[in-house]
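Beneath this line is the structure, given in C-alpha cells, with notes to follow.
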Amino acid sequence: MHPIRYFRPWRMWRRHEMKDAYDVVIVGGGAHGLAIAYELAKRGIRDVAVLDKSYIGAGGSGRNTTIVRANYRTPEGVAFYKESLRLYEQLAQELDYNLLLSQEGHLTLAHAERAVIVAHERAEVNRLLGVDSRVIYPDEIAKLCPELDLSTHPDFPIMAALYHPPGGVIRHDAVVWAYARMADRMGVHIHQGTDVTDIDVRDGRVTGVRTNRGDIAAGIVISAVAGWTSEVCRMAGVETPIVTHPLQAFVTEPLKPFLDVILVSATLHVYISQTDRGEVLIGSEIEPYTSYSQESTLDFLEVTAAHSLELLPMLGKVKLMRAWGGLCDVTPDYSPIMGLTDVEGFLIDGGWGTYGFKATPIVGVTMADLIADNQVPDLIAPFALERFWKRELVSEIAAAAVSH
Amino acid sequence: MTFLITCPNCGPREALEFSFGGETTRRASPSATDRELAAALYFRRNVNGWQTEWWVHQSGCRAWFLAERHTTTNEIRRTYRPQDRPRDEEQEAAPA
Amino acid sequence: MSERLPARQGEAIRRDRRIRFRLERRTIAAFEGDTVGSALAAAGVTITGRSFKYHRPRGLSCMTGSCPNCLMQIDGIPNVRACTEPAREGMRVERQNAWPSADRDIHGWLNTFSFMMPPGFYYKIFQHPHWAWPLVEPYIRSKAGLGRVPQEPDHRRRRRINLHPDVLVIGAGAAGLAATAEAAKAGASVVLLDQGREAGGHLLGEASSTLRSALAREALGSRARFLAETAAFGVFGGGLIGASGPDALYRIRAQHVIFATGAVEGSAVFPGNDLPGVMLSSAVHLLLHRYGVLPGRRAVVLTGDNVGYSTAWALKDAGAEVTVVDLRSDGGWPEGFPVFAGATILSAHGRRRVSAVSVGTVGATSGQKVSCDLVVNACVQTPSTNLLAQAGARLVFDETLQAFLPDEMPDRMWAVGAVAGARSPEASVAQGRLAGLEAAAGSGHPVDAASIAALRSEAARSGDPIVLPPEASAASGKQFACVCMDVTAKELTTAAAEGFDSMELLKRYTTITMGPCQGKACMASSQRLCGAITGRSFAETSPTTSRPPWVPVEMGTLAGARLTPRKETTMHDRHVAAGAEFMWAGDWRRPHHYTTPEAEVAAVRNRVGLIDVSTLGTFRIKGPESVELLERLYPNRFSDLAVGRVRYGVMLNDEGVILDDGAVVRLADDEFFVTVTTGNTAALERWITWWNADWGLDALILNVTGAYGAVNLAGPRARDVMTSLTDADVSGSAMPYMTATRMAVADVPSLVLRIGFVGETGYEIHFPSAYGEHLWDAVMGAGRSHGIVAFGLEAQRILRLEKQHILVGQDTDAESDPYEAGLGWMVKDDKEDFLGLRSLRDLKERGPLERLVGFTAPERWLPPEGASVVREGAWVGRVTSARRSEAVGGVVGLAWVPAEWAADGSTFEIQFGGSHTIGTVRIDPFYDPRGERLRS
C-alpha cells in the first residue's frame, strides 16, 4: 500500500526510442503539453509523443511564479480560470503526486482610485459567477498581512484590495512531473532534447514534423510552446498575433515563514509570495520590448526591489539570491489562443502571456476534448485564433496588468 | 534593459532612455479586405532573429527611428532615421 | 579545540583593542579586526548553525562567505555570513534554524529520521487523503527558511553610482592587483573591486605578507580607485556590471573588464563531510595567519597536488599534529609529516565535531582510522567563472587542472589568475600584468610591446596535474553533495534512477546548487556526481546556467534612492495655502477638494469657480501638412475648422477604439493647439509623433505640457470676472462658445478657449506656466466680489457627470468604439482616410452590442464605480461613473448596458455585493440638457 510505495524509488518517466509515426505529436513538453497528453491518454488516445527541445518544464512551466487564481475580469476569463482552479484543487489526488498546493489567499492591492474601481468591477464579475472574491479595506488587509506597510509613508498608500481566498501557490515543477509521470504510465512517449525544425503540411493538412532526431509522421500536431509560438506556427504556415516579451523574477535567501498570503500590486507592478522553502518570490511586469532573451536585467532588479520595499519595508536587509527570466507570448487582447487553425490537424495552445500556468488543468481537458470529440468545447470557443481574423477580441487587459 | 542603443541624433545611450515601438508594420488601406485589415491590425512576425523595429528616444531628443536588433542577443547592428528608410524595405504585415 | 596563537606580522586583528559581543546568552571576547566567525573559533564555538533540512550541526568551513554554514542572525538581520562579517562591540549574534539552541536542537530528530525523507518525499506522500497536505503544510512551512525576517522597517535610501572607467578589475587578489598596477601606470583610469575589507584575496591567507604588501602598494598607490567591500554580482546586457558596496549600488560600464575573481575551494564528498571541524584550506590559512586562531590540534589534510602541503606546513608551524592523505600514489611529496599515499578519506566520524577519519584506497568501504579534530580539504579548486559565464565567456574543461576554465573571452574582456587556471602567485601576477597592459593599450594608452611579450611567457598556464578525490565515497553514511540544501550523493543517485537524469532536472528535483551559496561550494561536486550518475564524465557535464547575482545583494541596495517622481503645477503652493486635499492623477499632485465637493459644485453652478488644469497634455502642431496630420489622426473633420475656432476631437486607433479626447484649436492656417487627457500625455505624444514619422508628413509637433499652465474659469459669473481681467472683448457675441482668442489676461499673454467641460460659461486660459501664481492671484482677486471659489477634481467630476461628459479611460476601456460610447456623431466617415476608418465601417454596420448610457437612480444608495449591471443574475455591464447630484436630485451616473436597453426611460438592475438599486436610462444630459448655460 501507500507507505511501502513511498520508500521505493518512483519511476517517473522512461526514455523511449522515437517512432517514425504517432497519432498525435505535441510540440512543447511544458505543463500544458504534458497535461494535454495526459488527458488524451485518459480518453484512450495513447499513441502520443511529447517533444521538448530541452528537458521537460524548461520553459515557462519552470520559471513562473506559481500563482493560481480565478479572479479575472471578463465573464469568459472567470468561467475559464474558475474551472481550472477547481481542477487544480483535486489534481494531486488524480495524479497521485503532491503538488504542494497552498490556497493561502490572494490580495490585489489598489493604491489609486482607478485601481479601486477595477477591484470593484472584478469583485462583481467574480461574485456573479460564483468565485469567492471581495473588496476589503486597510483594517481587514492588516489582519491578513501585518507586515504590509499600510501607513501613509509610501508615496502611494494602499486604499483597498481585492481579496480572493481560494487563490494560492503551487509547486510548478511538481505539476510538470506529475503529468509527465501519469502520461508516461499510460503509454505516452516523452522525448526530451528533441527540437522540432519544421512541420510538414500538404494540401492544407499537417502530415508530420521534422526534428533534430528524425522525422515523425502525424495527423495531429499541437503547438504548446508559449514564447516560441510564432516560430513554431510559422513552420506550419500559420500566422499568429503574438509578440514575445521577457518576464523576470527573483527569490531572496530563505527566511522563516512570515508571509501567509500572496500580495499583488497593480500600481507598483509587483507580486510577492513566500515559498515552502522560505524564499520570498518576487515578480513584476513583462519587459516593455519584445525579445527571446531569458536573461535578468539590472534595471528590473532595481525597480522591483524598490517597489517591493514600498510594500514590505522590512525586507531592506534581506538578500536577493537568484534571478531568472522567461518568455511570455502576448496577444492583443491578453487572452489565450486555443484550438483549430486553417491547417487541418494543426492546433494551437498559446498566447498565454503571464497567465498560462494557472490554466494548465483546464487546457489539458479542453484541448483533449476538442481532439477526442472533434468539437470545440464552449469554454474555449471565445479563444479561437479565428477571433483575430474576425476582429472579435476578448479583452482581459485590466486583470492582466500584473496578472499574478 | 541594459543594452545600448545608438540614437541617430544623440549617439549611444542606455536602452532605458528609449521607448519601444514594435516591429515595423504596414497599415491597411481604407479599401482593405477584412483579412487584410485583421492582418495589419493584429498579426505579427515576432521573429527570433534580426528584427526591424521602431524606438523613440523618450528621455532625450524624442525622435522616432528604426533599428535592426537581434531579438535573442539584443545586439543592434544598425539604427537610422525614418527618412533614410528605403521605400521597399517597409515590410508587409503578416500576409493575409 | 581552537585557541589564539601568538601575534604575527600581517594579521588583521588589533590585539590592543579588545571588544565583546554576545552570542545568544554568552559573551564572546574578541579583537578589533576579528570577524564574528574568527572570534567564535577563537572562543571554541564549534557549531555555527544547523542545516536547512536535516538540522545537522555545521561549523566554519570556508571563511570567505562561500558556503551556508555560518549564516547567523546579527542585530536582527538574517542570514549574515559570520565568517566575513566584522565583529563589533555590543553585537547580538544568534545562530539560526535551531531550537532551543544550535548546540541542542530539538529538530535533530530530523537527522535521525532522515531515512523517512527520501528525495522529494513530500511529493510522494500527503496527496491522499486530500486533507493531508493542508494539515501538514503549516508545520513543514514552519521548518523552512533560515533566518527570521527583520522586524524593523528599513526606509534608508542608498546611493546609486555610475562609473565609466577605461578598465574595471574585478577581484583584488594577486592577479587583480597586478592588473590594476600596470593599467594605472600606463595612464588608464582604473576601478578595482573586491568583496573583502582589504585587498589581497588568497594572499591574505599566506604566512608572509611581503608579496601582498608590495602589490597593494603598487596598485593602490596609483591613481586607481579601489572599492573595498564591493562585490560585482552580475554582468548584464551591453556589458553593464552591477556591484554592491556598503550602502551603494554601482553600475559600471568599462571599456575593458579584467575578471580576477579567483577560485573557490570545494569539499570532497565522503560520509561526514559536513561535520564541524571539516574545513577548506582557505579557512585554515585565514584563521592561522589573519586571525591568529589554531582551528584544531590534530589535523588531517586531504590533498591532490603539492599546493596542499603548504596548508600542512602552516598547521605544523602553528603547533598542530598533521597527517597528510595524498590522493596521488606516485612520488615527489615534500617530507615532514606522516603521509598516506594513493589514498583518500573514506569517511569522517563524530557527532558534534569530527573526531576521526577513515583513510583507505579509492573504492574501499573501510580503512584505517586516524583520530583528529580537524579535517582540511585542500584538493578541489573551482574557478569562480560565474561572472565570466554571465558575460558570455566559453568554458572548456581542462584535464590537467580538472576544472572548467574560460577558453574564449568576449571582446575587451580578460580572465586572469586562479579563475583562469593560474596555480601560483607568480603566474597570477604575470597574467594580471599582461591583461592590465593590454587593456590600457586598448584604451589608447601607450605601452611597451617588449614587456607584453615577456609577460606572455611567464603567464602561460602551468602546473602539476591534479588528482581529484572520487565523486563519492564507497563507505556508508550520509555524504553531502550540497550542504546548503542537505542533498546527499545517494539522493542524487535515486533521483536520477527515477528519471531526473540531466543536471537541470536533478537540480530542480533535489534543489542542489539552489541554496544560499548558489553553487559556490557545491557546483563542482554536483557536476561530478550528476555526471557519474548519468554516465558522463566531469568534462561532459557543464555547470548549470550562470545567473546573477553571483553574490547575494541586499534588496535595499538594489532599491537605491527610491525616488518617486511627482509633478506639481506652478500654482501648487496656492492650493496648499487654500487647504487643498491632494490626490494623485498619474504622477501629478492635484487638489481633490478645498472645502467640500458639494459646496464647490454649488459655487460653480451658481456663481463662479476656478480650477487648475495645468496638467492637461497640450501640443502645438505646426507645418504645411499639419491639417493632413490631424485629418488622419482624428475621425473628426478639421480641414474646415476656421482660425480661432475650437472643436472637440476624439482620437481612435486603427481598430476604431477610443484612445483619448480633447480640444483642437486652429491658431493659424498651418498651426493647431491640441489638448489631451492628463494621464495620457506621454503615450499620446508617442502615438502622434510615431504616425507623423511613419507617414513622413511635413508637420512639427511640440509637447508644451508644463511649459503652459492652464486654469478653467467656469460659472454664470465667469464672464464678469474675465471682463475685469482683460481688455479683450469676451462678450458672448465676440467670443462665442467653441472659439479661441489670444489676449492678455492680468497682463499675461494667454490663449483663451471658450469651452465647458463642466457645463457652464467657461474660459480655459492657457499661459506660460511661470506666471501661475500671479494669474491665480489675479483671477481669485477679480472674482472675490463675485463669490469665486477654487474647485478641485472631485467637484469637476460631479459637474461633468451632470452633463454626461465622458472621461476616456474611466467611462471607456480598451474595446470602446465611438458608436457604442455615444460619440458616433463625431465620425465623418466620408473622409478619405483616418485611423479607424476601415474598422468603423464594420462596427457601424454591425451595430453596437453594448452602449454607454447616462442613468439616474434613487438617492438612498450610491453604487460604487465598478458596480455591475445585472440581467437575470448574470453580469451584463458595469457602472463607470456615479455620484450624488444636488442639482439633479439623486444619483446620476454612466454605465455600459446591453444595447437594447439604451432607450430613454428603460430601467435596469445595478448590484454591488449585497446592495442593489434600479437605474433609469437618460439619453440627454441630466443638467441643462440643451446646453444653454454652456453656450451663453
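Overview of results
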| item | result |
| --- | --- |
| Net length gained if the chain between C:S915 and C:A734 were fully extended (0.36 nm per residue, minus Cα distance) | 60.0 nm |
| ³J(HN,Hα) computed for each position of segment A:27-40 - Karplus, 6.51 cos²θ - 1.76 cosθ + 1.60, integer Hz, glycine/proline x | 8, x, x, x, 4, 5, x, 6, 5, 4, 4, 4, 5, 4 |
| Cβ-derived FRET efficiency at R0 25 Å, A:R185 paired with C:M116, nearest 0.05 | 0.45 |
| Label point 7 Å beyond Cα of C:A29 along Cβ direction - residues of segment C:285-309 with amide nitrogen under 19 Å | C:291-295 |
| Buried solvent-accessible surface, both chains (A, C), 1.4 Å probe, Å² to nearest 100 | 8600 |
| Amide H contacts under 5 Å for C:E850, placed H, 5+ residues apart | C:A899 |
| Using alpha-carbon coordinates, inclination of helix A:113-128 to the longest axis of chain A, degrees | 50 |
| ³J(HN,Hα), Karplus 6.51/-1.76/1.60, whole Hz, each residue of segment C:221-236, x for Gly, Pro | x, 7, 7, 5, 9, 9, 10, 7, 6, 10, 10, 6, 10, x, 10, 10 |
| Nearest-0.05 FRET efficiency for C:K622 and C:D830, computed from C-beta distance (R0 30 Å) | 0.65 |
| Rg to Rh, two decimals, where the protein assembly as shown supplies the alpha carbon set and Rh follows Kirkwood | 1.00 |
| Student exercise, segment C:424-502 dipole from Lys, Arg, Asp, Glu Cβ charges, in Debye to nearest 20 | 140 |
| Expected-Rg normalisation [2.2 N^0.38 Å, Cα atoms] applied to segment C:567-615 | 1.15 |
| Built amide H within the under 5 Å cut-off of A:Q274, gap 5+ | A:L281 |
| Inter-chain Cβ neighbour average for residues C:183-192, partner chain, 10 Å | 0 |
| Accessible area per residue, Å², the protein assembly as shown with all protein chains present, probe 1.4 Å | 35 |
| Value of relative contact order over chain C, rounded to a whole percent, pairs C-alpha under 8 Å and six or more apart | 9 |
| Segment B:4-88, dipole about Cα centre (Lys/Arg Cβ +1, Asp/Glu Cβ -1), debye to the nearest 20 | 140 |
| Rg to Rh, two decimals, where segment C:795-927 supplies the alpha carbon set and Rh follows Kirkwood | 1.00 |
| Relative contact order (%) - criterion: Cα under 8 Å, at least six apart; region: segment A:301-360 | 26 |
| Accessible-area value, C:K316, 1.4 Å probe, nucleic acids and ligands omitted, Å² | 90 |
| Simple Cβ-charge dipole of the protein assembly as shown, Lys/Arg +1 and Asp/Glu -1, about Cα centre, in debye nearest 20 | 4500 |
| Averaged over C:119-126, number of beta-carbon atoms from partner chains that fall within 10 Å | 6 |
| Positive-end residue, chain B charge dipole about Cα centroid, Cβ charges, pick of B:I76, B:T33, B:T6 | B:T6 |
| Segment B:4-88: relative contact order in percent, alpha carbon pairs under 8 Å with at least 6 residues between | 27 |
| Long-range amide H partners of C:D407 with built H, under 5 Å | C:R394, C:L395, C:V396 |
| Cα→Cβ-extended label distance, 7 Å offset, between C:A214 and A:E89, nm | 7.5 |
| Difference of contour (0.36 nm per residue) and Cα-Cα distance, C:H786 to C:D904 | 38.7 nm |
| Helix runs (DSSP H) in chain C reaching 30 Å along axis by Cα, Kyte-Doolittle at least -1.0 | none |
| Förster-model FRET efficiency, 60 Å R0, C:K844 and A:H16, C-beta, rounded to 0.05 | 0.55 |
| Note, ³J(HN,Hα) from phi for segment C:111-124, Karplus 6.51, -1.76, 1.60, rounded to Hz, x at Gly and Pro | 5, 5, 9, 5, 5, 7, 10, x, x, x, 4, 6, 7, 9 |
| Alpha-carbon radius of gyration plus Dmax, which is the widest Cα pair, for segment C:635-767 in Å | 15.7, 48 |
| Residue (of C:F337, C:H349, C:V359) at the positive-pole extreme of segment C:321-381, dipole from beta-carbon charges | C:H349 |
| Cβ neighbours within 10 Å from other chains - mean over C:557-570 | 4 |
| Accessible surface of segment B:4-88 [probe 1.4 Å, protein heavy atoms]: carbon and sulfur percent | 45 |
| Calculated [θ] (222 nm, deg cm²/dmol) that DSSP helices of n ≥ 4 give over chain C, each run adding -39,500 (n - 2.57) | -6500 deg cm²/dmol |
| Share, in percent, of DSSP beta bridges within the protein assembly as shown that are antiparallel, nearest 5 | 75 |
| Of all accessible heavy-atom area on segment A:176-315, the percent that carbon and sulfur account for (1.4 Å) | 49 |
| Top positive-direction residue, dipole computed over segment A:302-402 with Cβ charges, set A:F383, A:G326, A:G350 | A:G326 |
| Potential lengthening between C:S101 and C:E152 on full extension [0.36 nm per residue; Cα-Cα distance subtracted] | 16.0 nm |
| Protection proxy ranking of C:282-293, B:44-55, C:97-108 - average other beta-carbon atoms within 10 Å, highest first | C:282-293, B:44-55, C:97-108 |
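The values are calculated or read from the model by the stated rules, or taken from the named source; none is laboratory data. Bear in mind the structure is a predicted one, so any value in this text is a computation, not a measurement. All Cβ positions, glycine included, derive from the backbone under ideal geometry; neighbour counts span all protein chains shown. Remember, those area values only see protein heavy atoms, side chains included, never the ligands or the DNA or RNA. Shrake-Rupley method; radii C 1.70, N 1.55, O 1.52, S 1.80 Å.
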